[in-house]
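The values are calculated or read from the model by the stated rules, or taken from the named source; none is laboratory data. Being a predicted model, the structure only gives us computed values, none of them experimental. Note that we place each Cβ from the backbone using ideal geometry, even for glycine, and neighbour counts take in every protein chain shown. To get the accessible areas, we keep the full protein, side chains included, count just its heavy atoms, and leave off ligands, DNA and RNA. Shrake-Rupley method; radii C 1.70, N 1.55, O 1.52, S 1.80 Å.
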4 protein chains.
Amino acid sequence: MGFKKTKFNPESDLGFGTQAVTKNQRLLNQDGSVNVKRTGLSFFNTSNNYHRLITMRWTHFWLLVLAGYLIVNLLFATIYMSIGIEKLIGIQGHTTWEKFWDAFFFSAQTVSTVGYGHMYPYGMLASTVSAIESMIGLLAFALATGLLYGRFSRPSARIVYSKHMIVAPYLNGQRAFMFRFANQRRSTLIDLEVEVNLSYIEVVDGKPTRRFVQLELERKRVSLLSLNWTVVHPLDDNSPLKDVTHEDLIKAEATFAILLKAFDDTFSQTVHSRTSYQYDEVVWGAKFKPAFDRDEQGGIVLDLSRIGEYDKVDLPVLVKQLI
Amino acid sequence: MGFKKTKFNPESDLGFGTQAVTKNQRLLNQDGSVNVKRTGLSFFNTSNNYHRLITMRWTHFWLLVLAGYLIVNLLFATIYMSIGIEKLIGIQGHTTWEKFWDAFFFSAQTVSTVGYGHMYPYGMLASTVSAIESMIGLLAFALATGLLYGRFSRPSARIVYSKHMIVAPYLNGQRAFMFRFANQRRSTLIDLEVEVNLSYIEVVDGKPTRRFVQLELERKRVSLLSLNWTVVHPLDDNSPLKDVTHEDLIKAEATFAILLKAFDDTFSQTVHSRTSYQYDEVVWGAKFKPAFDRDEQGGIVLDLSRIGEYDKVDLPVLVKQLI
Amino acid sequence: MGFKKTKFNPESDLGFGTQAVTKNQRLLNQDGSVNVKRTGLSFFNTSNNYHRLITMRWTHFWLLVLAGYLIVNLLFATIYMSIGIEKLIGIQGHTTWEKFWDAFFFSAQTVSTVGYGHMYPYGMLASTVSAIESMIGLLAFALATGLLYGRFSRPSARIVYSKHMIVAPYLNGQRAFMFRFANQRRSTLIDLEVEVNLSYIEVVDGKPTRRFVQLELERKRVSLLSLNWTVVHPLDDNSPLKDVTHEDLIKAEATFAILLKAFDDTFSQTVHSRTSYQYDEVVWGAKFKPAFDRDEQGGIVLDLSRIGEYDKVDLPVLVKQLI
Amino acid sequence: MGFKKTKFNPESDLGFGTQAVTKNQRLLNQDGSVNVKRTGLSFFNTSNNYHRLITMRWTHFWLLVLAGYLIVNLLFATIYMSIGIEKLIGIQGHTTWEKFWDAFFFSAQTVSTVGYGHMYPYGMLASTVSAIESMIGLLAFALATGLLYGRFSRPSARIVYSKHMIVAPYLNGQRAFMFRFANQRRSTLIDLEVEVNLSYIEVVDGKPTRRFVQLELERKRVSLLSLNWTVVHPLDDNSPLKDVTHEDLIKAEATFAILLKAFDDTFSQTVHSRTSYQYDEVVWGAKFKPAFDRDEQGGIVLDLSRIGEYDKVDLPVLVKQLI
């Protein structure tokens, strides 16, 4: 019973350190993000601008672009008003309010470089402001459109992982921890490498300490992901989990961190994916059902919605437990 | 005769799994694509948008851009009509139909930011719509042009492979499986690595099972591809194909999957290429003809159309067969 | 006492060579830049244009863009003046000066493709110039906006290193050199590798010679950087620094060059970071304080401003010194 | 005397193959390009479009962009003429020729999206053509500007190699082949790896055959290139060149192909550089002069124009020759 002692494996603690014991809290979330907040950066630090703009939700991004467009035009409309609205030829509004909106739309036509020309600047000052505005418009829209395309074309993996990690019967009456995944995208993934890091809490000298072990896999690299890949950690003599029970996993708050790396043929770039399974997401005694069917022509059809489906089965009795 | 037993090589099954026995069907197509369809994604899933837009045929891409331009303008023309066409100053049409097309072309001039100005919006509502339209135009064209350039500059390998894999005489009276390829592009390929995976069907306990073996190559890396590269798998004692016959290949539905990886000096990126040879694309007893000539100055001229040319030759008799 | 002889390690001298003895001068600055100037390139050599434009300060970049816009418009205004200002229809200025500025703003409206149209070219020559100008405008703004977005989205690491390297107590009564760092960005760093190169001056045959040693680390790779990472060089029997004292470091002008490499999940690219610690930035007898807190929900909050904080502690007495 | 036999090294022939004996001709040029022409692609094959556009000379690129702009406008001017020039309102020319140029400039204003508006289309047909033209203009300029920025920002190494390879005295009375290089760019090169491949002609069974050997280097990797790097191949017992003379090199048409790989910190990408030295570019008995000076503050100043400078020295007499 319990976790087997393993050699100290200094490269598998994911940089959390042994002190960071967090009771009942995941270090790595199921969506692959890390459960750590950051402070200590000054408000004006620009380190995270790109990160924020490229990772924010699409609705937020669109609102931001719209808000930026609005604010720039309101700002320049105010400037044209203060210069003197009569410097904009072709203004048709009568009240100040109408004139302001004319200036606003003149600004919009300038910043987007549409420039219909039914309104145009007259005199040195208004001309200068509109010349600067059109330059700013070109640069600002370049940033916005660069971000738009950058977000759209950003290399990233979209992997469907099985909802549960299962403990399944394995070769020669052994057991194995298994999980399964497939590529949600139609791009081809090449040179896949997977790493499974187990973290659990051990009481050392009466003090709970977090331990990290990199689990050995039946296969850690695949040349090409065509269907799905079932990652297998056999519970053999080298495994720290050999004699472990479901209760051990719960008590030790065991978590499996999954790190996946591959080359995406469409993005022409290396992509990464992460996920994690917690003790309560492990199913004991199960076997994955095939996730593919045949179509009429006998071709293989992979059903991404069935990646996590399994059948309950009996596990082979552990020899050690019998003795 | 038949396939030699080889050590279990867990890293060469290309992720197809042993169950996926597909009678008379290629897993990997000759153009390198994988013979698997995907279902199970909801209609609104966006995972494959980028993939579709970047890999679709050029004619489809152009039609899509044109259609998008048309639809946006039809949509905005309808909006301007419903706002009231009199809000567009400079409209010259008389019938509703003519007016609609005037609105359509005003929209086109706005969305492309040409803005001649012989038509222009009047009043709050029409001005707002046209201001939003020009913003949308800038963003939409940024996506379209980004995709256009992304498609044009996407790093990818264009490799000409020999049409057939040949079984040729090799050093010391041995035989070898060989295929040949060259770079179709004029860019320089650096650090090439090639991997050949054989898959065949074996009857285990009366059940056909797909086996996968990674074949050992005389050379699996080249620093620089200047001419062509003939990849050689010698049929020595380590080869599972040592005593195999043409009939064995057919019966076992043998397929050779080729995975190539290189750094392209023009794209400044790593590129990948895949292809496959099936049992019926193997020529027994052949030798590749040189694919290059000399020009008048004695310089080397590689003829890409002759990469697959071979002469029929006699194969050395296998010693084992004699006994 | 002093530096222990180590095997010649030809891959750790950072390309400085042994001759480059620079008294009291850092080879690698704390910000990771290299302390070497370059000459011998002709004035017209373009090798560094991209480097300069992409690494210059933002204020300089903006000034350059503004200056370019100004100069292009001044230039074209002069051309329009010399063609004959009457070829620009719609000019409203009366004096030559006013006319020049009208030409200037016409140029600005052309180069930014706003084209209001209250001024427009008449006749072959002026039309040709403005057609060329709008083409130049599109290309020039493409370069400017490409650089703008290139600067903004350039993959780079922003790492907070501890201000000091410390000598801390280590396992089994040993000592170790340690420094600590964290990611300033909110992006996830994957597959981190760190390299620590020590350089010091040794007197060989009465001649000061610079020596380089790559220090062995307790761990040189981490799969994922979630909190901070304390890099540890244990002062064991393999270390050239085993019996070294603070005075030895000063006399030998010891410098530790730190090279860090990681994959940034937001940029989807490999990023590098460098820094260095000099003999006077080493604190003897210290221990890093935890840099993270708990928020109300028990979540981990990393405080980037506390990465360098340490407590003074006593160092274990070296056994060798006792004998 | 002569070349020592070495183990067959299948990974160092640069993909030229042993047959390609080219009398008095370099396989790899000094600028790193490969001396091979390609034929056999159909005229309409697009494999090399990107390569051509991204690697052509700047003058050619500018001429191409200008020519494209000209041709598009000539084409559309012809279309407007054939539709009926009276459909362009604001045309001021009287003769057909003048009208054609008016149509030409209207086209230029449309394709660049300037759209002054003193000329504008009237009627369905002319409006449709101009709407399509502005769309084409946006897409075509996107390609042109993408290529412009792509060319400007393309990751590539600019390395200054010493003009000659030298044979210099080395440790313990040995000799060594050496060459030197430095980075022409101000960007930092990280993780440099160098590979030196010797090719020479050997008469096997009376037939000249090209041999390829990868030479062992004193150091083949450097973490950081700060000054210059002198690459050293020691003529020790493992070297095939141990007892070789200048005459041997000439007779065997020996060529040294140099392959360099590094990470450029400004481009944030891996870059490659290649060059070659021929038998007649080897200087026997020489030593590189330091290529750096001190400025007034004692700082190091690297002079890129002096990378190739050497002093003639006597070589140690080979022990074997004495016996």
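Observations on the structure shown:
- Between chain D and chain C, roughly 5600 Å² of accessible surface gets buried, counting both sides and using a 1.4 Å probe.
- Across chain D, the relative contact order, built from alpha-carbon pairs under 8 Å that are at least six residues apart, equals 21 percent.
- Copy-to-copy label separations for C:Asp243, where each label sits 7 Å from Cα toward Cβ, in nm and ascending: 4.7, 4.7, 6.7
- Label-zone membership for region A:265-279, site A:Lys220, 7 angstrom Cα→C-beta point, backbone N under 19 Å: A:271-277
- Nearest-10 value in Å² for the accessible area of D:Glu253, using the 1.4 Å probe: 10 Å²
- Radius of gyration over Kirkwood radius for region D:49-153, both on Cα atoms: the Rg/Rh ratio is 1.06.
- Karplus (6.51, -1.76, 1.60) ³J(HN,Hα), θ = phi - 60°, over region B:233-244, in Hz, Gly and Pro reported as x: 10, x, 8, 9, 5, 7, 7, x, 9, 3, 9, 6
- Axis proximity, chain A to C: residue whose C-beta lies nearest, plus whole-Å distance: A:Gly117, 3
- Residues whose placed amide H lies under 5 Å from that of D:Ala176, excluding near-sequence neighbours: D:Ala168, D:Tyr170, D:Leu235
- Of the solvent-accessible surface of the protein assembly as shown, computed with a 1.4 Å probe over protein heavy atoms with every protein chain present, carbon and sulfur atoms account for 57 percent.
- For D:Arg221, the solvent-accessible surface with a 1.4 Å probe is about 50 Å², rounded to the nearest 10.
- Rounded to 10°, Cα long-axis angle of helix C:124-153 versus longest principal axis of chain C: 20 degrees
- Over the residues of chain B, the helix contribution to mean residue ellipticity at 222 nm works out to -9000 deg cm²/dmol, using -39500 (n - 2.57) for each DSSP H run of at least 4.
- Backbone HN-Hα couplings from phi across region D:33-42 [Karplus 6.51/-1.76/1.60, Hz, Gly and Pro as x]: 7, 9, 8, 9, 9, 10, 9, x, 9, 5
- Using alpha-carbon coordinates, inclination of helix B:58-83 to the longest axis of chain B, degrees: 20 degrees
- Cα long-axis angle, helix A:96-111 against chain A (0 to 90 degrees, to the nearest 10): 60 degrees
- Cα-based shape type of the protein assembly as shown, given that a ≥ b ≥ c are square roots of the gyration tensor eigenvalues and the cut on a/c is 1.5: rounded
- Using a probe of 1.4 angstrom and keeping all protein chains present, the accessible surface of chain A works out to 44 square angstrom per residue.
- Each of the peptides C:167-177, D:53-63 was scored by the mean count of other Cβ atoms within 10 Å over its residues; in descending order, highest first, they stand as C:167-177, D:53-63.
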